[in-house]
Amino acid sequence: MKAWRFHGFSDMRLDDVPEPVCGPGQVLVEPLCIQPSVTEAQLAQGIPTLAYDRIKRRLETEAPLQLFGHEFCARILEIGRGVSRFRPGDRVAARAKLPCGACPLCHSERSDLCRSGPVIGFDLPGCFCERALLPEIALVRVDERISDSEAACLQSLSDSVAAVETAQLRIADTVAIFGQGSMGLECLQIARLSGAGLIITIDIRDEACQISKKLGADHALNGRACDVVATIRDLTGGIGADVVFECAGGSPKQGLAGHTTLLQAIGAARSGGRIVGVSWFGSPVQLDVDHLRERSLRYLFPDISTQAHLQHTVRLVASGRVRLAETITHVLTGIESVPRAFEITASKGAHKAINPAQVMMRG
Ligand SMILES: [Zn+2]
């Protein structure tokens, strides 16, 4: 069968590889729709971000290597011994980070805290191929009301559900969200469903601001057109937002905000407020911690998404409570177009893309 393999950074090739054989606890799937995550698209080009050292080491010692592909919708072809929750024909999506099943955290039913398990696409081959093996524990069945294209976004949506849960929203909390890419728009919709009061979003792209308004923002500020921190303070009676999500930071080479938006997020939070850091910066960030201390700010990082979070995304999208279709701007066709999807996703700003570019595997 055909699979995209990395022979090094910026060197992906469509190779013939042996057919995978389904083992115990695994299912064999045919990927239907797949998208690179922003992190994967950056790593493919050797840009330092999350997991860069691990991927570099693997490429140096194991290439050619099937990498990436944890954001997908796939159809089950075959189930391995012991698999009980699925049958052939089911459509599935996955969470990426899995518990190890062996450590004290996993044994004490706190496997959501385990960091020792494999990550699909990083430690296990993902879905940029004609057929893939996946562990049953990673998967959720996709409701028939959810399209293949929407289902490929459920992994990212489950991370957004975890991020909003981390914020511990209270009813009527004022929420500000920096960055209206896919995760920013997801956090907006989930926060709205979770009892948020006034919702203020910030982006520097007019098209992102428009989608944001459509999906429920009370105010969608263009960061190029106003003083963001002063405007948020004005809109909140001078005190700032109860909860701020920072979803815009990262390498300016990819059209991201560096750490400017993190500083703005800190400035926009009320004293005692919570800042949830969703972005990855890819390099150290200089921060005046005393400023956080002085204002009793909580700078939090999202928990890993669990099976329960992933199940919840199916409910949210199937019922129409979270809308994903508006965010899907680029859909390509055929396994050959995978490298193009990586290119577009690595510089979404230049391509006016909101969600990563998707590939429908069949024409
Ligand atoms: Zn564990």
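Selection of first residues in the stretch 300-318 that are in contact (Cβ under 8 Å) with a residue 60 or more places away in the chain and of second residues that are in a loop (DSSP other than H, G, I, E, B) and crowded, with 19+ Cβ neighbours inside 10 Å, restricted to Cβ pairs under 6 Å at least 6 apart or on distinct chains, gives the following pairs, ordered by first then second residue: Ser305/Arg95; Leu310/Arg95; Leu316/Val322; Val317/Ile146; Ala318/Ile146.
Set side by side, the residues Leu154, Leu77 differ, and just one is within 23 Å of the chain's Cα centre (by Cα) and more than 16 Å from the ligand (Cβ to nearest atom), which is Leu154. For first residues located in the stretch 206-231 and within 18 Å of Asn355 (Cβ to Cβ), partners that are among the hydroxyl-bearing types (Ser, Thr, Tyr) and assigned to a loop (DSSP other than H, G, I, E, B) and lie 6+ apart or on another chain with Cβ distances below 9 Å form the pairs Glu207/Thr329. Here Gly117 clears all of (1) buried (at least 19 other Cβ atoms within 10 Å of the Cβ); (2) under 26 Å from Ala325 (Cα atoms) except the condition numbered (2). Report yes if some residue within the stretch 65-85 is surrounded by fewer than 16 Cβ atoms within 10 Å (Cβ to Cβ), basic (Lys, Arg) and in a loop (DSSP other than H, G, I, E, B); otherwise report no. Within the stretch 65-85 (the criterion being surrounded by fewer than 16 Cβ atoms within 10 Å (Cβ to Cβ), basic (Lys, Arg) and in a loop (DSSP other than H, G, I, E, B)), the answer is yes, since at least one residue qualifies.
Tell me yes or no: at least one residue of the stretch 113-120 is modelled with pLDDT under 95 and farther than 23 Å from Arg58 by Cα. So far as the stretch 113-120 goes, yes, one or more of its residues are modelled with pLDDT under 95 and farther than 23 Å from Arg58 by Cα. The selection criterion, being in contact with a helix residue (DSSP H, G or I) (Cβ under 9 Å, 6 or more places away or on another chain), within 16 Å of the ligand (Cβ to nearest atom), among the charged types (D, E, K, R) and assigned to a loop (DSSP other than H, G, I, E, B), does not hold for Arg145. Within the stretch 268-295, residues that are touching a residue at least 40 places away in the same chain (Cβ under 8 Å) reach partners that are part of a loop (DSSP other than H, G, I, E, B) and among the polar types (S, T, N, Q) with beta carbons closer than 6 Å, at six or more positions or on different chains, in the pairs Trp280/Thr49; Gly282/Thr49; Gly282/Ser251. The combined condition, being in a helix (DSSP H, G or I) and buried (at least 16 other Cβ atoms within 10 Å of the Cβ), is fulfilled by Glu40. Among the residues of the stretch 181-199, which ones are out of contact with any Gly (no Cβ under 8 Å at 6 or more places or on another chain) and touching a residue at least 60 places away in the same chain (Cβ under 8 Å)? Gly181, Ser182, Met183, Gly184, Leu185, Glu186, Cys187, Ile190, Leu193 - these are the residues of the stretch 181-199 that are out of contact with any Gly (no Cβ under 8 Å at 6 or more places or on another chain) and touching a residue at least 60 places away in the same chain (Cβ under 8 Å). Just one of (1) out of contact with any Phe, Trp or Tyr (no Cβ under 9 Å at 6 or more places or on another chain); (2) within 16 Å of Pro302 (Cα to Cα) fails for Gln180. It is (2). Please verify whether the stretch 93-106 includes one or more residues that are more than 16 Å from the ligand (Cβ to nearest atom), under 30 Å from Gly258 (Cβ atoms) and touching a residue at least 60 places away in the same chain (Cβ under 8 Å). No, that holds for no residue.
The values are calculated or read from the model by the stated rules, or taken from the named source; none is laboratory data. Bear in mind that the values here come from a model prediction, so they are computed numbers and not experimental data. Methodologically, a virtual Cβ is constructed for each residue, glycine included, from the backbone with ideal geometry; neighbour enumeration extends over all protein chains shown.
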